[in-house]
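Report on the following structure.
The values are calculated or read from the model by the stated rules, or taken from the named source; none is laboratory data. Everything quoted here is computed from the prediction, not taken from an experiment. Cβ coordinates were reconstructed from backbone atoms using ideal geometry, including for glycine residues, and neighbour counts include every protein chain displayed. These accessible areas exclude ligands, DNA and RNA; they are computed on the full protein's heavy atoms, side chains included. Shrake-Rupley method; radii C 1.70, N 1.55, O 1.52, S 1.80 Å.
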Amino acid sequence: MTETNEGLYEGEKMPITPMMQQYIDIKNQYNDCIVFFRLGDFYEMFFEDAKTASKELEITLTGKDCGQDERAPMCGIPYHAADSYIAKLLNKGYKVAICEQTEDPSTAKGLVRRDVIRVVTPGTVTGNSMLEDDRNNYLMCIYKKGYRYGICVGDISTGLVRVTGIIWGNTRQKLIDETAKYSPSELLINNELGGDKKYVEYIKDKFNAYITILEDADFETENCEKKVREQFSDAIILDEVDNPGVNAAGAFLEYLGRTQKSELSHLQHIEHYNIEEYMVLDSSTRRNLELTETMRDKSRKGSLLWILDRTVTSMGARKLRSWIEQPLLKKHDILSRQEAVRELKEKFMIRMEIMEMLKAIYDIERLTARVVLGTANCRDLTALKRSAAQVPHIKTTIENCASDYLAQTNSKLDELTDIYELIERSISEDAPVTIKDGDIIKSGYSAEVDRLRDLKRNGRKWIASLESAERERTGIKKLRVGYNKVFGYFIEITNSNLNLVPENYIRKQTLVNAERYITPELKDMENEILGAQEKLITLEYEIFTDIRSKIAAEVKRLKMTAAALSELDALSSLAEAADREIYCRPEISEDDLILIKDGRHPVVEKMIGRENFVPNDTLIDLNENRLSVITGPNMAGKSTYMRQAALIVLMAQIGSFVPASSASIGIADRIFTRVGASDDLASGQSTFMVEMSEMANILDNATSNSLLLIDEVGRGTSTYDGLSIAWSVIEYICDRNRIGARTLFATHYHELTDLEGKIQGIKNYCITVEKKGDDIIFLRKIIRGGADDSYGIQVAKLAGLPEHVVERAKEILNELENADISKKESSLKRGKIPFEGQMELFAYNDIKTEKKANEIIRVIKETDLNNISPIEAMKLLYDLRKRAESK
């Protein structure tokens, strides 16, 4: 037996069982999925699916008779635990097709009908257990036609859908930047883009996204326009001629229809945006600035998001993340958000009340999506009810706020009173997780439910009361109401009392000493008592689905309220961070000046303590302060200084307050960083090649309104090659006819300080260092002028290089400085200080005890120098210094 694409088996075979044939027919329609086939209380997998699932899920592989000579490989999982198993398979790169019974087994004639009700893929997950609360789960669809691209990106778990077209400029780089911004978990592409192997490999490597190549028919323009028009009444993108975003959106909807197999009414609005409406941040900049995760271990702690995120709802956390990932460019929008942050910052008590009430708000966005998709259970509706209960109080709290942004937010808040009351009246607080086990509808909501529940609980009591009533009515004192499985309920009368039997009694069975009778009333009650449990469960499920449908009809109100609450939470978070961290309100201007007084790196100061952080000023514009050449030794703080300037600009443009005593920020359309580098072994690129590729991207895409951070260009090659490249880059950036952008340029090439006065707009700055004998102290303060020395040997000594190595380095340095190394090779003599035995890797002469020295050496040895970020390195140095100075 061999598996094929056309059918599960080929070749001669014996007839297989009807159930297995049903499975094979369904599997052949979903060859790219692992099929979860519902049998009773289990999802079963067969044949190759079973072998794969058994291995990946670490569950037992068994077999099942299927009418063939060999048993079919089989494994299974409990249906109620499916989510955790599905999550594991998705993480390992599989899709899962959920095949359910589509008719009641008790009423089915022959084989129970089954069909796939949903295909779960990495980008279409809606279950809570498979999603991260604080970030969106994006599905992205990209349509390529020549050099033009259409992008549709959405989160089915929240109902968010956005669309754009990339039709001019360096479109391929813009596509990569947009992909980096959303970091989708699943990517849908057309055949033309699928042929771009470099892009596909890049996406797999950088984002670990599941990639599906759709058929060209899915992107057909006429059909796509129809789908978009039917789904979205406000699809402005349809007004544009030949926008490739329409093709992406249509294929996006086609794929969702194919996988979800249900109404998608929670996708009500499609946001058409231009990528130029937001600050452009390429993947290198996002990584280097550590906006949402650190470079070293991808953790949230140590990122800008970690500092600013004081949100108390999942919706607010996602909203704040999206703000950080796409800073604003329009001054009005920035000031509007900033004014709301100011008001909440100053009104401490109102902010505290808002945050306390928001803590009781559940994830309305995802709850609404599950309601619409028909996967919400009773606990989801209860969570929705509890959330709705808070909305009127939140409206009352912010109704007197003066800022336009907060007033608009308040106007979008729907109190949802009707939804609250509906759920409060109908859904039991203690309802089970599953909705087909009964006990989910409150008493008093449905008279029929109450009656059936009463029958279920009080059936014996009714029978006893019937027996008593019939004895009194007939005068037969020994009349008995009994029950057996064959005849059901009956009335038994001894032979001596047969003359008293009423006419409405129907004889059912004759015994030796008695007769058994039934009555129409008894039979009706029997049917109700015996069927009460089954009827009750069915009725409660029907009532629940009706309630869920009524709530789904209010999806627009729910989504609008959820959006308003998420923004209120994000604003409160920025206000809380500004208040707690002592941030200032920056001035926002459309001119070119960036002037920061006493600026601080928001993350570094949090890590090491504000009292240990040395603040610095920053001045750059498009005139006399266009490019700052920054010199100073390694570890002095050049990278931290540059990053803090970029983060302050970015924070200002999301509407946040900033870590400074004052700041005036001229809006930047893009931030580019060329900071640090390492070999990209996966793509076969050296450190220098990575560095040059990043530099080329900056020079190709930067504008005069951009902010550039360039650190150590040219260090990956020979001294003179590197210096030449750095010099040429500076000239190119400063040329107003080419770029002319505001730039912070850190370098070890002290020769570049000679450019001040020769090229207009260049100013020299350096990080101050205090030298004491052969030792140095980093003062972390930036001042005008170039550094007088690189202090490399002193830094090496500070880092713990053995004394022998440091002394020998001094000798070699003297020889090099006295030699004409530009014209002849230096002939270095063997060092005067002999090396006896094996040298120690580090020597800490000022540490008194060997135990302390060994501990510090261990920490340094275990540090991954290739991946440590500047923030982490600085924190590590502070920690080591504290250990060294401790007694």
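Would you point out which residue out of G154, G63, G150 is more than 22 Å from the chain's Cα centre (by Cα), assigned to a strand (DSSP E or B) and under 30 Å from S566 (Cβ atoms)?
Values: G154 fails: more than 22 Å from the chain's Cα centre (by Cα); G63 fails: under 30 Å from S566 (Cβ atoms).
Result: G150 is the single residue among G154, G63, G150 that is more than 22 Å from the chain's Cα centre (by Cα), assigned to a strand (DSSP E or B) and under 30 Å from S566 (Cβ atoms).
In the set (1) at pLDDT 95 or above; (2) open to solvent by less than 60 Å² (accessible area, probe 1.4 Å); (3) charged (D, E, K, R); (4) in a helix (DSSP H, G or I), the condition left unmet by D414 is number (4).
Please specify each residue of the range 127-160 satisfying the condition of being at pLDDT below 95 and hydroxyl-bearing (S, T, Y). Residues satisfying the conditions are S129, Y147, S157, T158.
For the range 334-377, a tally of residues being touching a residue at least 24 places away in the same chain (Cβ under 8 Å) and either out of contact with any Asp or Glu (no Cβ under 9 Å at 6 or more places or on another chain) or of a type outside the set (A, V, I, L, M, F, W, C) (or both) returns 27. On inspection, I665 fails the criterion of being open to solvent by less than 10 Å² (accessible area, probe 1.4 Å), touching a residue at least 40 places away in the same chain (Cβ under 8 Å) and outside any strand (DSSP E or B). If I go through the range 199-237 residue by residue, how many of them are small (G, A, S), open to solvent by less than 40 Å² (accessible area, probe 1.4 Å) and more than 27 Å from D32 (Cα to Cα)? Of the residues in that region, 1 qualify.
Looking at C99, C141, which one is buried (at least 22 other Cβ atoms within 10 Å of the Cβ) and more than 30 Å from V246 (Cα to Cα)?
Exactly one residue qualifies, and that residue is C99.
Filtered by the rule that a residue be out of contact with any helix residue (DSSP H, G or I) (no Cβ under 6 Å at 6 or more places or on another chain) and not aliphatic (A, V, I, L, M), the range 89-101 gives N91, G93, Y94, K95, E100, Q101.
Here is a yes/no grid of residues against (1) under 30 Å from the mean Cα position of the chain (by Cα); (2) over 18 Å from R557 (Cα atoms); (3) surrounded by fewer than 22 Cβ atoms within 10 Å (Cβ to Cβ):
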site: S387; (1), (2), (3): yes, no, no
site: Q390; (1), (2), (3): yes, no, yes
site: N400; (1), (2), (3): no, yes, yes
site: A407; (1), (2), (3): yes, no, yes
site: N410; (1), (2), (3): yes, no, yes
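Of a type in the set (A, V, I, L, M, F, W, C), open to solvent by less than 50 Å² (accessible area, probe 1.4 Å) and either touching a residue at least 40 places away in the same chain (Cβ under 8 Å) or at positive phi (or both): is that true of L39 in this structure?
Values: of a type in the set (A, V, I, L, M, F, W, C): yes; open to solvent by less than 50 Å² (accessible area, probe 1.4 Å): yes; either touching a residue at least 40 places away in the same chain (Cβ under 8 Å) or at positive phi (or both): no.
So L39 fails the test.
For the range 493-545, filtered to residues that are outside any strand (DSSP E or B), open to solvent by less than 30 Å² (accessible area, probe 1.4 Å) and among the β-branched types (V, I, T), the residue that is modelled with the highest pLDDT is I543.
For the criterion of being in contact with a Phe, Trp or Tyr (Cβ under 9 Å, 6 or more places away or on another chain), part of a strand (DSSP E or B) and at negative phi, S628 passes.
Within the range 556-582, the set of residues being buried (at least 21 other Cβ atoms within 10 Å of the Cβ) and under 13 Å from L344 (Cβ atoms) comprises E567, L568, D569, A570, L571, S572, S573, L574, A575, E576, A577, A578.
Here I596 fulfils each of the conditions (1) in a helix (DSSP H, G or I); (2) buried (at least 21 other Cβ atoms within 10 Å of the Cβ) apart from (1).
Here's a check for you: in the range 599-625, which residue that is part of a helix (DSSP H, G or I) and of a type in the set (K, R) is nearest to the chain's Cα centre (by Cα)?
First, the residues of the range 599-625 that are part of a helix (DSSP H, G or I): 602-608, 610-612.
The next check asks that each one be of a type in the set (K, R); those that pass are 606, 610.
Values: K606: 24, R610: 31 Å.
So, considering only residues that are part of a helix (DSSP H, G or I) and of a type in the set (K, R), the one nearest to the chain's Cα centre (by Cα) is K606.
For (1) part of a loop (DSSP other than H, G, I, E, B); (2) on the phi < 0 side of the Ramachandran plot; (3) modelled with pLDDT of 85 or more, each residue gets a yes or a no:
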position: W168; (1), (2), (3): yes, yes, yes
position: Q173; (1), (2), (3): no, yes, yes
position: I211; (1), (2), (3): no, yes, yes
position: K227; (1), (2), (3): no, yes, yes
position: R258; (1), (2), (3): no, yes, yes
position: E263; (1), (2), (3): yes, yes, no
position: E276; (1), (2), (3): no, yes, yes
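Listed by first and then second residue, the pairs with beta-carbon distance under 7 Å, at least 6 apart or on different chains, first residue in the range 417-446 and of a type in the set (A, V, I, L, M), second open to solvent by 80 Å² or more (accessible area, probe 1.4 Å) and at pLDDT 95 or above, are L422/K550.
Go through the range 19-51 and count every residue that is outside any strand (DSSP E or B), of a type in the set (A, V, I, L, M) and over 19 Å from S84 (Cβ atoms). I'd like the intermediate steps shown before the answer.
Pass one, the range 19-51, residues outside any strand (DSSP E or B): 19-33, 40-41, 47-51.
Applying the additional criterion that residues be of a type in the set (A, V, I, L, M) yields 19-20, 24, 26, 50.
From what is left, the residues that are over 19 Å from S84 (Cβ atoms) are 19-20, 24, 26.
Of the residues in the range 19-51, 4 are outside any strand (DSSP E or B), of a type in the set (A, V, I, L, M) and over 19 Å from S84 (Cβ atoms).
Which residues, counting only those in the range 424-454, are at pLDDT 90 or above, surrounded by 14 or more Cβ atoms within 10 Å (Cβ to Cβ) and assigned to a loop (DSSP other than H, G, I, E, B)? Result: S428, I440, K442, Y445, S446.
For every residue, the table says whether it meets (1) more than 25 Å from D155 (Cα to Cα); (2) in contact with a helix residue (DSSP H, G or I) (Cβ under 9 Å, 6 or more places away or on another chain).
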| site | (1), (2) |
| --- | --- |
| E353 | yes, yes |
| V371 | no, yes |
| A376 | no, yes |
| A383 | no, yes |
| H393 | yes, yes |
| T396 | yes, no |
| V449 | yes, yes |
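Listed here are the residues, each with its yes/no results for (1) open to solvent by less than 50 Å² (accessible area, probe 1.4 Å); (2) not in a strand (DSSP E or B).
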residue	(1), (2)
D721	no, yes
A726	yes, yes
R738	no, yes
K763	yes, no
I767	yes, no
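For the range 42-84, the set of residues classified as surrounded by 15 or more Cβ atoms within 10 Å (Cβ to Cβ) and in contact (Cβ under 8 Å) with a residue 60 or more places away in the chain consists of Q68 only.
The rows are residues; the columns are (1) β-branched (V, I, T); (2) out of contact with any His (no Cβ under 7 Å at 6 or more places or on another chain); (3) closer than 24 Å to K88 by Cα.
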| position | (1), (2), (3) |
| --- | --- |
| V112 | yes, yes, no |
| T126 | yes, yes, yes |
| M130 | no, yes, yes |
| S185 | no, yes, yes |
| G194 | no, yes, no |
| V200 | yes, yes, yes |
| K204 | no, yes, yes |
| I213 | yes, yes, yes |
| D216 | no, yes, no |
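Kindly establish whether G245 is within 22 Å of H269 (Cβ to Cβ), in a helix (DSSP H, G or I), touching a His at 6+ places or on another chain (Cβ under 8 Å) and not charged (D, E, K, R). Can you show your working first?
Details: within 22 Å of H269 (Cβ to Cβ): yes; in a helix (DSSP H, G or I): yes; touching a His at 6+ places or on another chain (Cβ under 8 Å): yes; not charged (D, E, K, R): yes.
Yes; evaluated as a whole, the condition is true for this residue.
Residue check: is L193 in a strand (DSSP E or B) and at pLDDT 90 or above? Answer is no for this residue. Could you list, in sequence order, all residues of the range 583-593 that are open to solvent by 10 Å² or more (accessible area, probe 1.4 Å) and either under 17 Å from L619 (Cβ atoms) or among the hydrophobic types (A, V, I, L, M, F, W, C) (or both)? Once the filter is applied, which keeps residues that are open to solvent by 10 Å² or more (accessible area, probe 1.4 Å) and either under 17 Å from L619 (Cβ atoms) or among the hydrophobic types (A, V, I, L, M, F, W, C) (or both), the range 583-593 yields C584, E587, I588, S589, D591, D592, L593.
Out of the range 293-309, which residues are of a type outside the set (V, I, T) and open to solvent by less than 50 Å² (accessible area, probe 1.4 Å)? Quick ask: steps written out before the conclusion?
Residues of the range 293-309 of a type outside the set (V, I, T): 293, 295-306, 308-309.
The answer is M295, S299, G302, S303, L304, L305, L308, D309.
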